[in-house]
Amino acid sequence: MEPFRFHLFVCTQQKPEGVSSCPASGSVEVLDALDRETQASGLNQDVQLTTCGCMGLCDEGPVIVVYPAGVWYRHVKSADVAEIVSAHLRDGRPVDRLMWNDAPGMKAMSIEHGEKFRAAMAARDKAGVLPDHLEGMIRGFMPSRCILTALELDIFTAVGDGANAEQIGTRVHANGRAVGMLLNALVALGLLSKSGDDYKNTRESARFFVQGSKDNQRNGLLHTANIWHRWSTLTDAVRSGTRMPIDRDTTEWTHNFIAGMQRNAKDRALLLVKALGFTGVRRILDLGGGSGAYSIAFAKACPDVQCEILDLAEVVPLTAEYVSQAGVSAQVRLRAGDMLVDDFGSGYDLILMNAICHMFSKEQNREIFRRARQALSPNGRLVVQDFILSPEKTGPQHAVLFSLNMLVGTDAGASYSESEYTDWMKDAGFHEVQRINLRGPSSLIVGVAK
Ligand SMILES: C[S@@+](CC[C@H](N)C(=O)[O-])C[C@H]1O[C@@H](n2cnc3c(N)ncnc32)[C@H](O)[C@@H]1O
Ligand code: FES
């Protein structure tokens, strides 16, 4: 039984550079083209597209197998996809010129490849070579650092519609030889293309990294570049148990930080509003509201809602800009203050703590929860959104790494587990405490004030 008319397997096995493989011959582009073309032809309900690992036929890639008939294609290019979709998947006529029918030859090639591969692995193991996945993890900072430096120097904007290394170096006030090396690395990483001496942005770089583009995320990503500097202090932070002092331009740091928060919160705010609803919600306190993304989403979803954002004095002017741009200033009030000491007020239906608790120690969070309980009306809800650790605190990976991000970036912050949040809420006088998983890496813990 086949739930789909056709099931396509496209080999996307990554191999070390210089080793022949389907991705090195363009299988990922072929997969994208197949996805686009089947959607465009209205065949996506009949065709299941799946990636698969190496089939031992790497020199003949990209290799695709189409079931149930077991038709094998080799050397497929993106330009062949329209024909495969219309002739084979729509009309049921496989494309002869791309088919590979030599079953005994294919089998022999695949078996030989498997034997060679296993022998090479055994030899490496015997010689004590570090496995690729460890090597990759250890050197993982290099690509990241290239992109962050390019963003810091605003290289992608300087590339514009195309320029050579000298022109780009002059535009970013940096050494031409070194800029050339960085540009070449960005080409190798797939973030630029090069033709002759000229570099061009890829579609993604032009969209996300160039100033003036509608979806430009450079400011928000510069927050990650700031975090980089903190992460280089990890060894000392682990020794001492808290963050190390580092020099930074506070104004620029805050600007990038809030842009980074806005980047993260933009989509999540809609998910959160949907998950919580706003029935019975009239007054919201948004603790550490940052860019105001969550209050803005509530204000837009419900004209009767009034929000109050409490954030640090240096952040509130930036929040005001985001709120004003969103056109909801009449519904969102801003208050400069310190949530650890300043009065919260009273009579709220909802108190939001989005990406807040990880900045603080357990004791500080317990105290905030206690004061939040007092500030809520009966049946009002306290909502925590954060990266929640598993009970053993060894996963998910994102939450575990984020905990270290807080070690290097705060006095006593960390990621916490669901049971920690639940205990703090219950001890503070909340009941019906529940976890709501949103799409993506963070979840909600919601408690109702007794
Ligand atoms: C990680 S950001 C989260 C921003 C926002 N809630 C979001 O999810 O997009 C933390 C926010 O808390 C603010 N903040 C940090 N310490 C604070 C304090 N003691 N009192 C008030 N706000 C604080 C920061 O300025 C920042 O806007
Ligand atoms: S990498 Fe595709 S068959 Fe080996």
note = Classified through the alpha carbon gyration tensor (a ≥ b ≥ c as square roots of its eigenvalues; rounded if a/c is under 1.5, else prolate when a/b is larger than b/c, else oblate), region 1-42 comes out oblate
Amide H contacts of Val71 (H built 1.01 Å from N, under 5 Å, at least 5 apart or other chain) = Val66
message = Can you work out the Karplus-derived ³J(HN,Hα) for every residue in region 327-332? Use 6.51 cos²θ - 1.76 cosθ + 1.60 with θ = phi - 60°, whole Hz, and x for glycine or proline.
response = x, 10, 4, 5, 9, 10
ask   = Peptides 97-107, 415-425: what's the order by average Cβ count within 10 Å, highest mean first?
value = 415-425, 97-107
message = Mean-square fluctuation check for the chain, GNM, Cα pairs under 10 Å: which of Thr394, Thr51, Thr242 is largest?
response = Thr51
query = Relative contact order (percent) for the chain, with alpha-carbon contacts under 8 angstrom and 6 or more residues of separation?
reply = 8 percent
ask   = Ranking Val446, Val159 by Cβ neighbours within 10 Å, fewest first, what do you get?
value = Val446, Val159
key: Alpha-carbon radius of gyration plus Dmax, which is the widest Cα pair, for region 173-285 in Å   = 19.7, 63
message = For Arg333, what residues show an amide H to amide H distance below 5 Å, using hydrogens built from the backbone and excluding near sequence neighbours?
response = Cys307, Glu308, Ile309
task = Quickly rank 192-201, 128-137, 170-179 as a protection proxy: mean count of other C-beta atoms within 10 Å, highest first.
result = 192-201, 170-179, 128-137
task = Taking the Cα centre of region 138-178 as origin, work out the dipole magnitude from +1 charges on Lys and Arg Cβ and -1 charges on Asp and Glu Cβ, in debye rounded to 20.
result = 220 debye
query = At a Förster radius of 35 Å, what calculated FRET efficiency corresponds to the Cβ-Cβ distance of Glu363 and Glu17, to the nearest 0.05?
reply = 0.10
ask   = GluC sites (Glu not before Pro) within region 1-52: which are DSSP loop residues with at most 14 other Cβ atoms inside 10 Å?
value = Glu17
ask   = How high is the relative contact order of region 344-450, in percent, with contacts defined as C-alpha pairs under 8 Å that are six or more residues apart?
value = 31 percent
query = Residues with amide H under 5 Å of Tyr199's amide H, sequence separation 5 or more or different chain, H placed in the peptide plane at 1.01 Å from N; which?
reply = Ala163, Asn164
inquiry  = Are there any GluC sites (Glu not before Pro) in region 299-398 that are in a DSSP loop and have at most 16 other Cβ atoms within 10 Å? List them by number.
reply    = Glu314, Glu392
request  = Report, in debye and to the nearest 20, how large the dipole of the chain comes out about its Cα centre when Lys and Arg carry +1 and Asp and Glu carry -1 on their Cβ.
outcome  = 500 debye
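FYI, it's all coordinate maths here, none of it is from the lab. Values in this document were obtained by computation on a predicted structure and should not be read as measured data. Don't worry about glycine lacking a Cβ; one is built from the backbone with ideal geometry, like all the others, and counts go over all protein chains shown.
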